[in-house]
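The values are calculated or read from the model by the stated rules, or taken from the named source; none is laboratory data. On a predicted model such as this, the values are computed, not experimentally measured, just so you know. Heads up, the Cβs are rebuilt from the backbone with ideal geometry, glycines too, and the neighbour counts pull from every protein chain shown. Surface accessibility is based on the protein's heavy atoms, side chains included, excluding ligands, DNA and RNA. Shrake-Rupley method; radii C 1.70, N 1.55, O 1.52, S 1.80 Å.
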Amino acid sequence: MIAVKESCATFHPDSAQDYVPSALLAELQFSRLKNIVARAFDRVPLFRSRMSDRDLTPDSITSLADISLLPFTTKTDLRDTYPFGLFASPMEEIVRLHASSGTTGKPIVVAYTQQDVDVWTSVMMRSFAACGLHHGDIIQNAYGYGLFTGGLGAHYGAEGLGATVIPISGGNTDRQIMVMKDFGVTAICCTPSYFLHMIERAAEMDIDIRDLPLRVGVFGAEPWTPSMRKRIETLSGIRAIDIYGLSEIIGPGVAIECPEQNGLHIFEDHFYPEIIDPETGAVLPEGEEGELVLTTLSKHAMPMIRYRTRDITALLPGRCPCGRSLRRMRRIGRRSDDMLIIRGVNVFPSQVEAALLDVEGTLPHYQIVLTRMHGLDQMEVLVEVTPETFSDKIGALEELSTKIADALEHVLGLRVQVRLVEPHTIQRSEGKAKRVLDRRLPS
Amino acid sequence: MKIQQLSIFSENKPGHLIAPCRLLAREGINMQAMSLADSQRFGILRIVVSDWQRAKSLLEAEGFVVRVTEVVAIEVPDHPGGLSAVLDLFEGSTINIEYMYAFPFVHAGKAALIFRFDHPDAAIERLRAGGMTVLDADALTNR
């Protein structure tokens, strides 16, 4: 069994699609693109009207390059059509709904047909296989289960692979470490910062992760740096693999690193990538840095045509030594908008503002301070005390703090620290207020 | 008979208490009573001063958040049982003491107690009925 695990570590039958010759892949992409554009045009009013505005019909797409004629889709479109406005399948064909946080407290809803779930499972299987996992592996899935796509996405992929899944979900670090040790876990899925925390906690429990069978970490849902990877790999002795995905496209499993760990292979047979200039929208040549735009080539329930991810990256030229023909993107370092990712949860400064709006007298002076403690992101919201909110009683001020924290938790789905500060402590700026102080060290 | 107390918000950090005190010193405003309440992250400086309106506008002009609260000052003999005699008067009543602080009049053998009651008028009535000396602002100043 061990021998099989080693020898098959980088290949799984489903991974065959990773090696399709580029010319054939382009042919497949073109035929799928035509189908998906026709589907979106026929079934989603927003796409149809946007295409009609540009005098486009599905027949206008005569080559893969014609994709650049099509209008972009943005997160705002998902919000504006909340909850089901971009669905291209009737509800009786939809087998799953997920949701992620939006900018105004309303989530963004995404839908899957059975076929979509199968595609998702397949790209997650290929992701796990690409980082050397196989049946026989014991995968501890510490991504949150629920509306967040991370948990179930990884779960189905791991089961599809034939691996053993431990659906432990997030949190309860001591139990995570106990399970990791007692169950002989060989791979873990979670955010990289949470794993760093596990390493620290394990050390406090006198457990050295290097002594455990754990050998692979599949880390995603937040941007992380090469130096953080180095730290994780040195401290835990595992291989730390970067996985990329987003709910709007499918969830985790849009792109994955191979053991070369030099860029993430995009599952291009399902997700067509372009890099654009975020200002002009013009498509940039290979190798240039810009915003990643993805088109779902096979998604039925909710086709996304040229979805602007806001993630800044570049498509890497040349072929990967691993032999995969799938193009690679550089790991994501930053985003073009102001979205913050706190412990895997999307947070927008505008959400904080919306929450403060609910607590009278707290606006307009606030600031978000981000730090990292024990490997976990900490978010603190500074709120200036005003004549309206100030009380001469300690208890009343503590109550105000709690009230603000409750309002924030309600909107963000995340408990954050609230600190009342003196008036004029928060730096005023000319023009756009600096709402976010990011003190998370590039570790 | 109620006295205007000023409360000033302060972060619980080194150097944060001195700013309002320095301002009052510069302006020649004397603090007749003061107390500092603090939690882990912030504090509230409570003061009774000679000219509260002027102090308030000066502080506010400097950017402090100031709140005016009505408190009640009582003079008691500075010996054991001075405070408990006052508290006895409120046993079984619905009047609540939000907070209080005390300071002695060193030479007179008296102490002043400053109370923040939820119902100050009712409290004054009860104190008077119990024979307590309720101080007004002048009495506090000229003690």
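Computed quantities for the displayed model
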quantity	calculated
Solvent-accessible area, 1.4 Å probe, carbon plus sulfur percent, for chain A	53
Relative contact order of the stretch B:2-70, pairs being alpha-carbon contacts under 8 Å that are 6 or more residues apart, as %	47
Rounded to 5, percent antiparallel among DSSP beta bridges of chain A	65
Unit charges at the beta carbon, dipole of the protein assembly as shown: most positive-side option, A:PHE11, A:LEU212, A:ALA158	A:PHE11
The stretch B:1-122, accessible surface, carbon-and-sulfur percent (1.4 angstrom probe)	51
For chain A: rounded, prolate or oblate by the Cα gyration tensor [a/c cutoff 1.5]	oblate
Area of A:ILE394 that stays accessible when all protein chains are in place (1.4 Å probe, Å², to 10)	30
Rel. contact order, % - alpha carbon contacts under 8 angstrom, at least six apart, chain B	27
Interface B:A - total buried accessible surface [probe 1.4 Å, Å², rounded to 100]	1800
Protection proxy ranking, peptides A:90-97, A:160-167, average beta carbon neighbours within 10 Å, highest first	A:160-167, A:90-97
Shielding score for B:93-102, defined as the mean number of other chain Cβ atoms within 10 Å	1
Residues with amide H under 5 Å from that of A:TYR82, placed H, sequence gap 5 or more	none
17 Å reach of a label modelled at A:GLU380, 7 Å along Cα-to-Cβ, counting backbone N of the stretch B:1-35	B:10-16
Protein-protein interface of the stretch B:1-21, residues with accessible area decrease of at least 30 Å², isolated chain reference, 1.4 Å probe	B:PHE9, B:GLU11
Ordering of B:2-10, B:70-78 by burial proxy (mean other Cβ atoms within 10 Å per residue, highest first)	B:2-10, B:70-78
Number of partner chain Cβ atoms within 10 Å, mean per residue of B:30-43	2
Span-rule helices in chain A, defined as complete DSSP H runs reaching 30 Å or more along the axis (Cα) with Kyte mean at least -1.0	A:22-43
MRE, 222 nm, helices only [DSSP H, n ≥ 4, -39500 (n - 2.57), over chain A, to nearest 500]	-9500 deg cm²/dmol
Of A:LYS403/B:LYS13; A:LYS230/A:LYS403; A:LYS106/B:LYS13; B:LYS2/B:LYS110, those spanning more than 31 Å from alpha-carbon to alpha-carbon	A:LYS230/A:LYS403; A:LYS106/B:LYS13
At least 20 Å² of accessible area lost relative to the chain alone, listed for the stretch B:62-88 with a 1.4 Å probe	B:GLY63, B:VAL65, B:ARG67
Rg to Rh quotient for the stretch B:2-70, alpha carbon positions, Kirkwood Rh	0.93
Cα gyration tensor category, rounded, prolate or oblate, for the stretch A:1-152 with a/c compared to 1.5	oblate
Relative contact order for chain A, counting Cα pairs under 8 Å that sit 6 or more residues apart, in percent	14
Assigned charges on the beta-carbon of Lys, Arg, Asp, Glu; the stretch A:345-438 dipole about Cα centre (debye)	320
Surface/4 of the Cα convex hull for the stretch A:67-116, nm²	4.2
Nonlocal amide H pairs with A:GLU260, under 5 Å, H built at 1.01 Å	none
Rounded to the nearest 20 debye, dipole of chain A from Cβ charges on Lys, Arg, Asp, Glu	560
Solvent-accessible area per residue, Å², over the protein assembly as shown with all protein chains present [probe radius 1.4 Å]	43
Expected 222 nm ellipticity per residue - DSSP helices of 4 or more, -39500 (n - 2.57), all of chain B, to 500	-8000 deg cm²/dmol
Beta bridge orientation in the stretch B:2-70: antiparallel %, DSSP, nearest 5	100
Cα-Cα P(r), the stretch B:58-143, percent of pairs per 10 Å interval	16, 47, 27, 10, 1
Number of partner chain Cβ atoms within 10 Å, mean per residue of A:385-392	6
